[in-house]
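Written below as structure tokens is the structure these notes are about.
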Amino acid sequence: MPPVKVVVVGSANMDLIGLCPHLPAPGETVLGTGFEMACGGKGANQAVACARLGAVTFFVCRLGKDSFGDLLEENLRKEGIRTDAVVRDSEMPSGVALIFVDSKGQNQILVAPGSNGRLSPSDWQGKEEVWKGADALLLQLEIPVETVAAALHRAREEGALTVLNAAPFRPLPQHIWSQVSVCVVNEKEAEAFTGVPVAEPNDAVTAGQWFLARGTDAVVVTLGEKGSVLVLKDSYTVFPAFAVNAVDATAAGDAFCGALTVRLAEKAPLTDALPFANAAGALACTRLGAQPSLPTRQEVETFLKERTAS
Ligand code: ADP
């Protein structure tokens, strides 16, 4: 089967991670114990997830004309991601996440969206090669809502499947939901949108109805180590998580969304795509970090074979 084409429209950030004995109080200077820099942002993480899982991946994003922008763009190229619609903004700096992690693993995060906040539909104007023949579009909510709406519209014109990872939570205009083929939310996002507290699969089914009533075709609620729930108009299915030795859940959701989108773009039924996505999420939990933990196609397929054989 020739590789499918996935367009990801979203954010890219440079994560600046400072390790410290305790989190600084207001006005306090703390002597750190370490520092790391890593490429991140939900959009970039999910683009990397799709590329590693074998899709021809186009990433639409806006980076600053600064050294972080250079590093972020270079990283996308290194992953084999098509950067035709990566725009460099000469007025705004690249998005940055300032992350403090203390000795107990607690964190404090400030995201400065920078150029991500100016990603606009004009950024893909005249770049027809980005959308032509796209099988699926994958979006998150770290970019302007108008850009999300325009991308959904453009993808639909192309006949592409649309997957919205509605994270982080922000209020959305009503008309968005009917443009979404599959909406993916975690427990907290599900509750923020619907007002239904979600802890168990049953709650996810109740919350899922909120999205369906607004016109979304299918809803997936992810429940961490409890797996994920697929909610459709007349039915629902619980897909239990794979038991793994989880060391860091960072980017589990990004691995999950990328994997779900790639399998659906390949025209796999939802009932096949969900276990595949659960496997990618589980594998991401077994390794430290965001992008370094995202699995390859080979890894997910080997894992699934081992788990379904036993
Ligand atoms: P998010 O990172 O967006 O909060 P979740 O924590 O719900 O998303 O994780 C996404 C998916 O990753 C889950 O639906 C599950 O398939 C997988 N996953 C997450 N945590 C674990 C875990 N501890 N063990 C196995 N799989 C996990």
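The values are calculated or read from the model by the stated rules, or taken from the named source; none is laboratory data. Treat the numbers as computed from the prediction; the structure is a model and nothing was measured. So basically every Cβ, Gly included, is an ideal-geometry build from the backbone, and we count neighbours across all protein chains shown. Remember, those area values only see protein heavy atoms, side chains included, never the ligands or the DNA or RNA. Shrake-Rupley method; radii C 1.70, N 1.55, O 1.52, S 1.80 Å.
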### Query
Under a 5 Å amide H to amide H cut-off, with H placed in plane at 1.01 Å, what residues pair with Val60 once short-range neighbours are removed?
Val8, Val9, Gly10
### Query
Any idea how far the Cα center of the range 225-283 sits from the one of the range 80-144, in Å?
23
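Determine the dipole magnitude for the range 114-244: charges of +1 sit on the beta-carbon of Lys and Arg, -1 on that of Asp and Glu, nothing else is charged, the reference point is the Cα centre, and the result goes in debye to the nearest 20.
In total the dipole reaches around 180 debye.
Using a simple charge model, +1 on the beta-carbon of Lys and Arg, -1 on the beta-carbon of Asp and Glu, nothing else, what dipole does the chain show about its Cα centre, in debye to the nearest 20?
420
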### Message
Keeping every protein chain present and rolling a 1.4 Å probe, give me the accessible area per residue for the chain in Å².
### Response
44
### Query
When DSSP beta bridges are limited to those with both residues in the range 1-130, what percentage is antiparallel, rounded to the nearest 5?
45
### Query
Over the range 93-171, what is the mean sequence separation of C-alpha contacts under 8 Å (at least six apart), divided by residue count, expressed as relative contact order in percent?
26
### Task
Could you give the size of the charge dipole of the range 174-299 about its Cα centre, using +1 on the Cβ of each K and R and -1 on the Cβ of each D and E, expressed in debye and rounded to the nearest 20?
240
### Task
Mind running the shape call on the range 1-57? Use the C-alpha gyration tensor, a ≥ b ≥ c as the square roots of the eigenvalues: rounded below 1.5 for a/c, prolate if a/b tops b/c, oblate otherwise.
prolate
#### Entry: Loop-located GluC sites (Glu not before Pro) in the range 60-92, at most 13 other Cβ atoms within 10 Å (DSSP)
Glu91
### Query
Given the range 181-226 reduced to its alpha-carbon atoms as identical point scatterers, what log10 I(q)/I(0) does the Debye formula return at q = 0.14, 0.28, 0.31 Å⁻¹?
-0.25, -1.00, -1.20
### Message
Rounded, prolate or oblate, given the Cα gyration tensor of the range 71-117, with a/c below 1.5 counting as rounded?
### Response
oblate
#### Entry: Cα-only radius of gyration and Dmax that characterise the range 73-218, units Å
17.3, 50
### Task
Could you work out the Kirkwood radius for the chain, taking every pair of different alpha carbons, averaging 1/r and inverting it, reported in Å?
19.6
### the chain, accessible surface, carbon-and-sulfur percent (1.4 angstrom probe)
55
### Task
Find the relative contact order for the chain and round it to a whole percent, using C-alpha pairs within less than 8 Å whose residues are 6+ positions apart.
16
### Message
Below 15 angstrom from the Cβ of Gly95, what's the summed charge of the other residues (Lys, Arg +1; Asp, Glu -1)?
### Response
-3
### Task
Can you tell me the FRET efficiency between Arg287 and His175 if r is taken as the Cβ-Cβ distance and R0 is 35 Å, rounded to the nearest 0.05?
0.35
### Message
From Cα pairs below 8 angstrom and at least 6 apart in sequence, can you work out the relative contact order of the range 82-235, rounded to a whole percent?
### Response
14
### Message
Greater than 27 Å separation of Cα atoms is the criterion. Which listed pairs, Lys78/Lys226; Lys65/Lys267; Lys127/Lys233; Lys42/Lys78, meet it?
### Response
Lys78/Lys226; Lys65/Lys267; Lys127/Lys233
### Of Ala149, Leu110, Gly289, farthest towards positive along the dipole that unit charges on Lys, Arg, Asp, Glu beta carbons give the chain
Ala149
### Query
Based on DSSP H assignment, which helices of the chain show an axial Cα extent of at least 24 Å together with a mean Kyte-Doolittle hydropathy greater than or equal to 1.0?
none
#### Entry: Rounded, prolate or oblate (a/c below 1.5 giving rounded, otherwise prolate when a/b exceeds b/c) for the range 155-235 by Cα gyration tensor
prolate
